[in-house]
Amino acid sequence: AMLWPRMRPITGTPWHALAPEDQILHMAAHVFIDSDCTSRLRDLVDINTLLLHRCVTEPDFPHMLTARTQELNLAAPLSYALSFVNAWFTHNPEQTHTLNQISNACSTQFKCSPWVLRLASQTLPPHHPDSAPTPKERWATRLLSLRYHGWRMPVGLLIYHSAMKLLRHLR
């Protein structure tokens, strides 16, 4: 409901799109809150591209993004997204400075968990279709899946759900 009022019309069509800062936050939330981070590299490429485009075309964009992040309480997913964007993509010094400004503004609200960063670095890239995931990748996926489900279920239901999945897997 907080995204609809800020939608912008798409020129020449009857359609509307999310505001640019909302697009980035929406993608970051889907990757780091609404999934187990499996094969989501494309989403990070999209976040990187949108961030860099908006920061070049709208000099005030970093401030708009950080303000909107606070308003929507989405510092956690944006912090994780920025960690990977900064680590995995090449930027010129000005872009790196801008992304660091946004990261620093978010880090006052949220500190990325080192273990989530490590696990997500195993699961975000797509798997090679001709080979099975390594045991390390499978465990990373399972642990991030547990994290994902833990946000949606009370502890008792999470334990029951995990036990049932384990029993099905062992059969």
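The values are calculated or read from the model by the stated rules, or taken from the named source; none is laboratory data. Bear in mind the structure is a predicted one, so any value in this text is a computation, not a measurement. Virtual Cβ from ideal backbone geometry, glycine too; neighbours counted across all protein chains shown. Quick note on the areas: whole protein, heavy atoms, side chains included, nothing else; ligands and nucleic acids left out. Shrake-Rupley method; radii C 1.70, N 1.55, O 1.52, S 1.80 Å.
The set of residues in segment 123-147 being over 22 Å from I33 (Cα atoms) and either open to solvent by less than 30 Å² (accessible area, probe 1.4 Å) or among the hydrophobic types (A, V, I, L, M, F, W, C) (or both) consists of A132 alone.
Could you say which residue among W15, W88 is surrounded by 14 or more Cβ atoms within 10 Å (Cβ to Cβ) and either out of contact with any His (no Cβ under 9 Å at 6 or more places or on another chain) or farther than 26 Å from S113 by Cα (or both)?
Details: W15 fails: surrounded by 14 or more Cβ atoms within 10 Å (Cβ to Cβ).
It is W88.
If you go through segment 138-171 and keep only what is over 26 Å from the mean Cα position of the chain (by Cα) and either closer than 17 Å to R40 by Cβ or not basic (K, R) (or both), you end up with G156, Y160, A163, M164, L166, L167, H169, L170. Screening A120 with (1) free of Cβ contacts under 8 Å to residues at least 60 places away in the same chain; (2) surrounded by 14 or more Cβ atoms within 10 Å (Cβ to Cβ); (3) in a helix (DSSP H, G or I); (4) under 24 Å from the mean Cα position of the chain (by Cα) gives one miss only, at (1).
Here F110 fits the description: open to solvent by 50 Å² or more (accessible area, probe 1.4 Å), in contact (Cβ under 8 Å) with a residue 24 or more places away in the chain, under 15 Å from the mean Cα position of the chain (by Cα) and within 20 Å of D34 (Cβ to Cβ). The residues in segment 15-45 that are touching a residue at least 12 places away in the same chain (Cβ under 8 Å), touching a strand residue (DSSP E or B) at 6+ places or on another chain (Cβ under 9 Å) and among the aliphatic types (A, V, I, L, M) can be counted, and the count is 2.
For segment 1-17, which residues satisfy the criterion of being in a loop (DSSP other than H, G, I, E, B) and of a type outside the set (A, V, I, L, M)? Spell out the reasoning first.
Of the residues in segment 1-17, the ones in a loop (DSSP other than H, G, I, E, B) are 1-3, 7, 10-15.
Result: T11, G12, T13, P14, W15.
Contact map, segment 1-14: residues that are touching a residue at least 12 places away in the same chain (Cβ under 8 Å) paired with residues that are surrounded by 10 or more Cβ atoms within 10 Å (Cβ to Cβ) and not in a loop (DSSP other than H, G, I, E, B), Cβ distance under 8 Å, separation 6+ or inter-chain. Pairs shown: M2/E71; M2/L72; L3/D22; L3/H26; R6/D22; M7/H16; M7/A17. Take the conditions (1) under 21 Å from S162 (Cβ atoms); (2) within 18 Å of the chain's Cα centre (by Cα); P135 misses just one of them, which is (2). The combined condition, being loosely packed, with under 15 Cβ neighbours inside 10 Å and among the β-branched types (V, I, T), is fulfilled by T57.
Across segment 123-141, the number of residues qualifying as touching a Lys or Arg at 6+ places or on another chain (Cβ under 9 Å) and part of a helix (DSSP H, G or I) comes to 2.
Given the structure, is I159 open to solvent by 60 Å² or more (accessible area, probe 1.4 Å), β-branched (V, I, T) and in a helix (DSSP H, G or I)?
Working: open to solvent by 60 Å² or more (accessible area, probe 1.4 Å): yes; β-branched (V, I, T): yes; in a helix (DSSP H, G or I): yes.
Judged against the criteria, I159 is a match.
If the condition is being outside any helix (DSSP H, G or I) and either surrounded by 15 or more Cβ atoms within 10 Å (Cβ to Cβ) or in contact with a Lys or Arg (Cβ under 8 Å, 6 or more places away or on another chain) (or both), then segment 18-52 contributes L18, A19, I33, S35, D36, C37, T38, R40.
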